[in-house]
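Okay, so here's the structure we're looking at.
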Amino acid sequence: MINYNLNHLKELESETIYIIREAAAQFENPCLLFSGGKDSIVMSWMARKAFYPARIPFPLVHVDTGHNFPETIAYRDEYMKMIGANLIVGMVQDSIDSGRVKEEKGPNASRNGLQTVTLLDTLEKHKFDAAMGGARRDEEKARAKERMFSHRDEFGQWDPKNQRPELWLLLNGKKSVGEHFRVFPISNWTEMDVWMYIKSENIPIPSIYFSHQREVFERDGMILSTSDFIPLRDGEKPEMKTVRYRTVGDMTCTGAVYSDASDIDMIIDEVSVSRTTERGTRADDKRTEAAMEDRKKAGYF
Amino acid sequence: MELLRFSTAGSVDDGKSTLIGRLLYDSKSIFEDQMDAIKSYSDKKGYEHVDLALLTDGLRAEREQGITIDVAYRYFATPKRKFIIADTPGHIQYTRNMVTGSSNSNLSIILIDARNGIIEQTNRHSFIASLLNIPHLVVCVNKMDLVDYSEARFNEIVEGYKILASKLDIKDVHFIPISALKGDNVVDRSETMKWYNGPTLMYLLENVHISSDLNHIDCRFPVQYVIRPQAQEYHDYRGFAGRVASGIYKPGDRVLCLPSGFTTSIKSIDTFEGPVEEGFAPMSCTITLADEIDISRGDMIVREGNVPNVGQDIEMMMCWLGDSPMQAGGKYTIRHTSREAKCLIKDIRYKVDVNTYHRNEEDKNIKMNDICRVNVRTTVPLFYDSYRKNRITGSVILIDEATNSTVGAGMII
């Protein structure tokens, strides 16, 4: 007798595929935001499944700060070939060169904040009316109340008090001219779900997720990689350490963790006993108490 | 591992946040940095204790006003199950939020303060749980520590609740005496309430039988997207992609396509991993058919001998979510499965008082948080079942054509 129960990963996958198909059906010109991080990897992995045997009917968009880990970019190009997707790259450098944004100065300078402008410009240039993102509700408290179809006004801004109620899985993508949507197909996944899925599907991921030798230094409790983009302050001594990354972001604001986890099973073990959230390694969330909420309102994801 | 979605509802003082905090904390789902963040906020505000409610009150706007605006989703897992909590606050917009949060739940926790017993709010919670057809209810009689862990008090509340439940359509109800603050019967068995032999809340959450919550009898497959690969090797491929709403589909099954009424048989049920022998709820898959039939998004593939209702005049219970009142005779966009149409509010039959269950046939002014029974007329036929029978093919939302907001949640009778 067949067991008519889906395990939790298969049920989450089915929900995600449903949401991605709804986005493709309800919007005229959707895209999928691809950062090279594990969340956007699993999301695009399921986008491929959603339309198989056809190809993914929308492009993937990467906002490149120019300060990415080189491993991420190499991985990205390889992965696009593998899943047969079209990639559009928005360069933060272009936004700086055209005077749209000003590069931050000082020792904590990061291009992370500038991404928002490049992202909105890229969406506008290609007339995208919906952008799928790999944000999860368990990541951060401002995201716990995010909708699967999140309405943005004509400035790309998010108004937390004016979000549409979402019932059952009847998603409402109606909008006026000039407005657009952010769509979050993996809203209901946790960090652990994502890792278990990567394992069960055998999905390739960037090498920086696994432990490796790297020259790092500590600043404000964060372990940062040495690079041309981060000037060292007095007293900061880089050392070779065994580290890995729990999230993949800009080199200037993504911290590593000391870890020997060199394969998926070891990562799953590490995540299951971990006592800090993965965003704990991100300086961009630490700037103020409601940092994520402010950035969301401005149009970041 | 299975997935269980449950909702909690309650007002400020009934210990709901403490209960959720307890479930998250005892299942080791609160991280140190989250704990540090709420500790430092509690200190800054001069609270004596760490306010666990801060874990669920996410947005700065609400922290400043001390209220929770909407449904917040929380996640935790035990080795047996993964849990998704839809946490709904209990203030004025309570009905709208609880309806939203409960719409996908397998189970709802109703909290009763042992000192106060059944109050108006208990009636309201129970009514909404029954209206939303939540398969399992758990009534937690909380703050047992404040009534000396009295068995008599617990039994009194259980008896009272059974009378209340008899007026509603509630299928499966459990009662647990707990103290969320002290941890009695939440995750660990109570040492002080030896008279209680039933399960703890966590045991129930991990073991309640949910596989029968899905309808595996009536085959309903709303078509979401038509897949036509523009590639030589799949030249003639036409697949109908969707998520099985209910029932079990097999290759070779005779099926009927709505609205065309054409019949054919299933050629294959495809997934990325390859064709499967059976497609069942809640799988996302792609169906190919033996004959070429014109099918598009919004159509439905069903079994020949088991068809849903097909019609344009539909009666439903409606919870109003919009800022402006429902317009009798007004036009709205209606969304039902993957189908979209326009509809007209033809007749408001009555409004229900969610506290007393009284049906008011005089007052037809339907505002936000009101629940009423209405007749609507749609521009095209919908293929529907009663909500009691099928939560997916029995539910609709109404969308305001001017603002594009979701303003109504309907459950077909």
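Couple of notes before you dig in:
- Accessible surface computed residue by residue for chain A, with neighbouring protein chains in place and a 1.4 Å probe, gives 39 Å² per residue.
- Tilt relative to chain B, helix B:151-165 - C-alpha long axis, 0 to 90 degrees, to 10: 30
- Considering only B:Leu398, B:Leu107, B:Leu164, and ranking their Cα positions along the charge dipole of chain B that arises from unit charges at the beta-carbon of Lys, Arg, Asp and Glu, the one farthest toward the positive end is B:Leu398.
- Computed over chain B, relative contact order equals 12 percent, with contacts defined as Cα pairs under 8 Å that lie 6+ residues apart.
- Once A binds B, the 1.4 Å probe can no longer reach about 6400 Å² of accessible area, counting both sides.
- Note that chain B presents 41 Å² accessible area per residue, ligands and nucleic acids not counted, probe 1.4 Å.
- When the Cα convex hull of chain B is projected onto planes of every orientation, the mean area is 23.3 nm².
- 19 Å Cα-Cα reach of B:Lys171 towards lysines, excluding residues that sit fewer than 8 places from it in its own chain: B:Lys162, B:Lys389
- Cα lying deepest toward the dipole's positive end in chain A, options A:Thr247, A:Trp158, A:Gly99, charges on Cβ: A:Trp158
- Computed FRET value (nearest 0.05) for A:Ala74 with B:Asn309, which takes r as the C-beta separation and R₀ as 51 Å: 0.35
- Residues of segment B:315-337 buried by at least 50 Å² of accessible area upon assembly of all protein chains, compared with the chain on its own (1.4 Å probe): B:Arg335.
- Charge dipole of chain A (Cα centre as origin; +1 on each Lys and Arg Cβ, -1 on each Asp and Glu Cβ, all else neutral): 640 debye, rounded to the nearest 20.
- Shape category assigned to chain A from the gyration tensor of Cα positions, a/c cut at 1.5: oblate
- GNM remark for chain B: springs join alpha carbons under 10 Å apart, and the peak mean-square fluctuation among B:Arg339, B:Arg243, B:Arg228 falls on B:Arg228.
- Solvent-accessible area, 1.4 Å probe, carbon plus sulfur percent, for segment A:205-285: 49
- Buried on complex formation within segment B:231-268 (loss of at least 10 square angstrom of accessible surface versus the isolated chain, 1.4 Å probe, ligands and nucleic acids ignored): B:Tyr234, B:Tyr237, B:Ala241, B:Arg243, B:Ile248.
- Structural size metrics of segment B:233-373, computed from C-alpha coordinates, are Rg and Dmax of 20.2, 64 Å.
- Nonpolar atom fraction for segment B:220-303, defined as the carbon and sulfur part of the 1.4 Å probe accessible area, stands at 47 percent.
- Charging the Cβ of each Asp and Glu at -1 and of each Lys and Arg at +1, and nothing else, the dipole of the protein assembly as shown about its Cα centre rounds to 1220 debye.
- Of all aspartates and glutamates in the structure, those lying under 15 Å Cα to Cα from B:Lys331, and not within fewer than 8 positions of it along the same chain, are B:Asp313, B:Glu340, B:Asp347, B:Asp400, B:Glu401.
- Contact residues in segment A:38-63 by the 20 Å² criterion (accessible area, 1.4 Å probe, full protein complex versus chain alone): A:Arg48, A:Lys49, A:Phe51, A:Tyr52, A:Pro53, A:Ala54.
- Model label sites at B:Arg254 and A:Ser262, defined 7 Å from Cα along the beta-carbon direction, differ in position by 6.3 nm.
- Within the listed set A:Ala47, A:Ala25, A:Ala256, the Gaussian network model of chain A (springs between alpha-carbon atoms below 10 Å) gives the highest mean-square fluctuation for A:Ala25.
- In terms of its alpha-carbon gyration tensor, the protein assembly as shown comes out oblate; a/c meets the 1.5 threshold, while b/c is at least as large as a/b.
- Principal-axis tilt of helix B:16-26 within chain B, Cα atoms, nearest 10 degrees: 90
The values are calculated or read from the model by the stated rules, or taken from the named source; none is laboratory data. Here the structure is a predicted model, which is why all the values come from computation and not from measurement. Quick reminder, even Gly has a Cβ in these numbers, built from the backbone with ideal geometry, and neighbours come from all protein chains shown. Each accessible area value is taken on the protein alone, full model and side chains, heavy atoms only, with ligands, DNA and RNA left out. Shrake-Rupley method; radii C 1.70, N 1.55, O 1.52, S 1.80 Å.
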